[in-house]
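Just so you know, all these numbers are worked out from the coordinates, no wet-lab data involved. The shown structure was predicted, so the numbers you read here are calculated from the model rather than taken from an experiment. Cβ placement follows ideal geometry from the backbone for every residue including glycine, while neighbour counts extend to all protein chains displayed.
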Amino acid sequence: MASNWLTVLSAGTRWFAPAIVIGMTVIAAFGGGTLAKWMRQPTHAIAVPTGVLPAELERWDRPDLTLLITGQQHGYLLPCGCSRPQVGGLERRYNFFQALSSRGWKTLPVDLGDISQMAGPVNLSNMQGLMKYRYSMQALKMLGYAAVGLGEYEGALPFFKALGEYALNEPSPRVVVANLNDADTQYPEQTARWQAANVEGSPWKVGITSVIGPSVGSKIKDPQVRLGSSRQALESVKTEMDNSKIEYRVLLYQGVFTRGAEGVPPVEAEAVARAFPEYQVVVALSEEDEPAGAPVRIRHSDGRETLVVRIGHKGKYVGVLGLYKGAAPGMPAHKYAIAQMSEDYLTPDNALAGNPVVKLMEAYSAELKRDGYLARYPQMVHPFQAAVPDASPTYVGSEKCKKCHASAFAVWKGSGHSHAWQTLADAKRPSNREHDPECIVCHTVGFGYKGGFIDAEKTATLKDVGCESCHGPSSEHLKNTSDETWLKLMNPWKVGMDNSPAAVASKQQKIDQFCQRCHDIDNDVTWTHKGFERKWPKIAHPTPESEKK
Ligand code: HEC
Ligand code: HEC
Ligand code: HEC
Ligand code: HEC
């Protein structure tokens, strides 16, 4: 994962506070008509970590124009802070962009789309999806994005809601899509077929368009959405761009790039990249979280070249495509690197006040609190409640277990699990995390289940990761502690008398899998490094002989 591009210079890191004002003229193209528009960056002085750039970029001559390429953010606004080091987030991206601009780089950010999420963590329903889309788009505006695509993820919101949530009221960043039929009538003025961007001081007039390929189109179930042929759309956009004297063309292609076998005609992104030498760069979907390193260079018979870039998922990386004036006027030379949004781009404490994305995230969690999102989530039937519907066990809280399971209780009390709610209440940047269901779901007992956590007042005994977070709702066990039905359900890991190494290993593997419901790849980034072996001993709580009846 860590290529040497990503090594960041740690020596000579300085923080200072330049006043940055970037002007970028953007001309929006609504099916041919043009409309001049200024995209303003904040005009106040901003302190940012201007000293840090990936080593690869430190070695580059300053490009004449730099495209900053992102996509497939999948709802990841900001690392949750559950473990370190986490990668990604819009705040760090802002600081990275500022670091480039403060060195005089002329930048043009574009995003492939799939900004929103399909579901919340631990399969929570997508209650926060639309709202997170709006906040992401607001952040992309602050970051100076010229154009953003639409994909399967926005299609699931669905499109009309996503566009109504942001683009209806706000033209920048412009949502571009060239093959969405009836866009002008269904979503009037909310999308454009393409977008021209003229970065002040850069030698090229850039045009950005996007199409939704057939494989993505087939996943968009909304009957209102009718997609036309990508090729026809790209043909006509090409002509429109020619008429507008566009010199450099960017295609955000909502579809994957797969190299077909020998003799098999290319499909999707590859087919389009081969068919349209006029598009100098094609951004395609990644199938994996981690980005492809180098772009694929497709050489056309007339000597032109199209670069295919894929940037991974969850906003962990930014693709940096440097353009340099080359021999032929319309054919700049390219350099490409990926920048990991590592902790190097954290906002220094003395710069927090000037960072608009920090404020935006604070507004996000404040809105969740104000609008009472915790109470909005439906409560599902827990598998135990479904298993024995007549009994319908509910949650009782960990204190109730202390009397009979004193030593298990003591282990739990001394573990991180016993203060997991307080951790959220104490969190800063943003605060109010204890009102965010997408945090609460792993930091309390039974959130989203009947009888589970609702909020700190209504369900005070269900704060924190309690006994019942792992053992399930236990009221029936309390009524009859020898009822085998509940003992079995509450300890599904038990292997009875079989102490063979195979049985023990298989049990441990099951428990390990179970821990990863919360200690997953995003939230506990070090679990893959012997997480179970390291962490289980800290919380293991076998019943001592003295406590057994
Ligand atoms: C999928 C489950 C899950 C979700 C969702 C989740 N957390 Fe966590 N969180 C964890 C786990 C697991 C740990 C403990 C990680 C470890 O063992 O290192 C943790 C630990 C933390 C810690 C403590 C870190 C420390 O240094 O002690 C903070 C702070 C935190 N989470 C904040 C959040 C916030 C804020 C959110 C919502 C944006 C959130 N969590 C959502 C599972 C989750
Ligand atoms: C009134 C006493 C009592 C209380 C209160 C109590 N338990 Fe138990 N628990 C028992 C007894 C007795 C057993 C069976 C012990 C044995 O087989 O060694 C048991 C067994 C268990 C087991 C092991 C099941 C198995 O078959 O391996 C779990 C898990 C458990 N309890 C969880 C809880 C939780 C969680 C709470 C609190 C919500 C709780 N208990 C409260 C008495 C109690
Ligand atoms: C319901 C979600 C959830 C489950 C399931 C869960 N954890 Fe945790 N775990 C957390 C959270 C949240 C924290 C962070 C607590 C804090 O500091 O706020 C945490 C913290 C911890 C810690 C303390 C942090 C550390 O690195 O020392 C250990 C140890 C731990 N978990 C082990 C486990 C093990 C082992 C399992 C599986 C048996 C497990 N957890 C299952 C949510 C969970
Ligand atoms: C993070 C998840 C988690 C939490 C929290 C947790 N347990 Fe457990 N517990 C387990 C697992 C996993 C096992 C099975 C361990 C095994 O069989 O080796 C277990 C086993 C048990 C057993 C059976 C022990 C034995 O000797 O067979 C009891 C009793 C128990 N837990 C009670 C509790 C009580 C009471 C609490 C709260 C004070 C609690 N547990 C909190 C995961 C958890």
- Message: With an 8 Å Cα cut-off and a minimum separation of 6 or more residues, compute the relative contact order for region 12-364 in percent.
- Response: 21
- Computed D for region 221-326, Stokes-Einstein, Kirkwood radius over alpha-carbon pairs, 37 °C, 0.692 mPa s, to the nearest µm² per second, is 216
- Note on the structure: Given unit charges at Cβ for Lys, Arg (+) and Asp, Glu (-), the dipole magnitude of the chain about its Cα centre in debye, nearest 20, is 640
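Quick one: net charge around residue 312, please, counting Lys, Arg +1 and Asp, Glu -1 for every other residue with C-beta under 11 Å from its C-beta.
-1
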- Message: Skipping prolines and chain starts, which residues have an amide H placed within reach, meaning under 5 Å, of the one on residue 108, given they are 5 or more residues away or on another chain?
- Response: 66, 67, 68
- Message: Can you give me the angle between helix 129-142 and the longest principal axis of the chain, using Cα atoms only, in degrees from 0 to 90, rounded to the nearest 10?
- Response: 40
- Under the Karplus curve 6.51 cos²θ - 1.76 cosθ + 1.60, θ = phi - 60°, whole-Hz ³J(HN,Hα) for region 336-351, x wherever Gly or Pro sits: 9, 8, 10, 10, 7, 7, 8, 5, 4, 9, 4, 6, x, 3, 6, 10
- Query: Of 456, 414, 491, which is farthest along the charge dipole of region 379-547 in the positive direction, counting Lys and Arg as +1 and Asp and Glu as -1 at C-beta?
  - Reply: 414
- Residues whose placed amide H lies under 5 Å from that of residue 255, excluding near-sequence neighbours: 213, 285
- Item | Cβ-defined net charge surrounding residue 369, 9 Å radius [Lys, Arg +1; Asp, Glu -1] | -3
- Note on the structure: For the chain, whose charge dipole is built from +1 on Lys and Arg Cβ atoms and -1 on Asp and Glu Cβ atoms, the candidate among 220, 166, 353 with its Cα farthest towards the positive end is 353
- Query: For the charge dipole of the chain, defined by +1 on Lys and Arg C-beta atoms and -1 on Asp and Glu C-beta atoms about the Cα centroid, which residue among 261, 232, 60 has the Cα displaced farthest towards the positive pole?
  - Reply: 60
- Task: Give me the lysines in straight-line cross-link reach of residue 535: C-alpha distance below 16 Å, same-chain residues under 8 apart excluded.
- Result: 413, 507, 510
- Item | Net charge of Cβ neighbours under 15 Å - reference residue 122; Lys, Arg +1; Asp, Glu -1 | -4
- Query: Can you list the residues, at least 5 places off or on another chain, whose amide H is less than 5 Å from the amide H of residue 431, using H built in the peptide plane?
  - Reply: none
- Task: Largest first and to the nearest Å, give the Cα extent of the chain along each principal axis.
- Result: 86, 53, 48
